1. Looking at (1) 138; (2) 101; (3) 115, which value of volume of the Cα convex hull per residue in Å³ comes from a calculation on the structure shown?
2. Classify the range 79-123 as rounded, prolate or oblate from the Cα gyration tensor: take a ≥ b ≥ c as the square roots of its eigenvalues, call it rounded if a/c is under 1.5, otherwise prolate when a/b beats b/c and oblate if not.
3. Can you list the residues of the range 132-150 with backbone N under 17 Å from a point 7 Å past the Cα of A165, pointing along Cα to Cβ?
4. Just list whichever of K146/K202; K36/K146; K36/K130; K80/K195; K130/K206 have alpha carbons separated by over 29 Å in the model shown.
5. Protein chains only, probe 1.4 Å: how do D185, D9, D210 rank by accessible area, largest first?
6. Which stretch or stretches of the range 56-91 have amide N atoms under 20 Å from the point lying 7 Å from R115's Cα along the Cα→Cβ direction?
7. Which percent, nearest 5, of DSSP beta bridges in the range 54-213 are antiparallel?
8. Measuring from label point to label point, each 7 Å out along Cα→Cβ, what is the R61 to K206 span in nm?
Amino acid sequence: MSVAVLLYDGFTALDAVGPYEVLCRLPRTRVTMVAKQSGPVRTDTGQLTLVAEHALHEVRRTDVLLVPGGGNRGTVAMMKDTGVHDWIRRIHQHAAWTTSVCTGSLILGAAGLLRGLPATTYWASRPFLKDAGATYAPGRFVEAGKIITAAGVSAGLDMGLHLAARLSGEEVVQAMQLAVEYDPDPPYDTGSPEKAGEELQKLALKLLADAAR
């Protein structure tokens, strides 16, 4: 089973690495990082890089495509990159699953894959789904045909486990959840905008913007 994770300048680290931690340990599964050019790719903060093993033109098919989200700079650039959109559409045509985390769904939407479908994204970006012809649906992840979109950042782990169950069965994934000790018990109950309130929403977006490079 082959999994391709699309990296681009300004992507969010956990959007890519969260699902990777689950999927890379599935039996007979190979996860590959890809980008427009092979080599190091910076995250949205500019303080971390991951290495893309292959350029897009070298990857013609994969069983699973994962598109992470990113900061405004990275996401907007990818939403305008028609060359990347062409590649996404070609990969999607033959893939068993096409997935996204956070604002990665806006990139899928810009490529034309979400028209008429329910989808989710980062909480502050929900209104932009309608521009892609999609309908916002609540939940940590939303499955619509062979497309799975996850909500913001940490929801990629939930989506990764759900996808892993589709690929390898529930028993393997239950063991995998234990293997990565995914047993969330956050110290504060402010992990959604509905719980956090308006002031914390503003602060959260400021923290993201201030950390962006």
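The values are calculated or read from the model by the stated rules, or taken from the named source; none is laboratory data. Keep in mind that this is a model prediction, so the values were computed, not measured. Positions of Cβ are generated from backbone atoms using ideal geometry, with glycine treated the same way; all protein chains shown enter the neighbour counts. The area values use the complete protein model at the heavy-atom level, side chains included, leaving out ligands, DNA and RNA. Shrake-Rupley method; radii C 1.70, N 1.55, O 1.52, S 1.80 Å.
1. (3)
2. Oblate shape, in that a/c is at least 1.5 and b/c is the bigger or equal ratio.
3. Residues passing the 17 Å test: 139-150.
4. Correct reply: K146/K202; K80/K195.
5. Final ranking, largest accessible area leading: D185, D210, D9.
6. 79-91
7. Within the range 54-213, antiparallel bridges account for around 30 percent of the total.
8. Between R61 and K206, the label points sit 5.2 nm apart.
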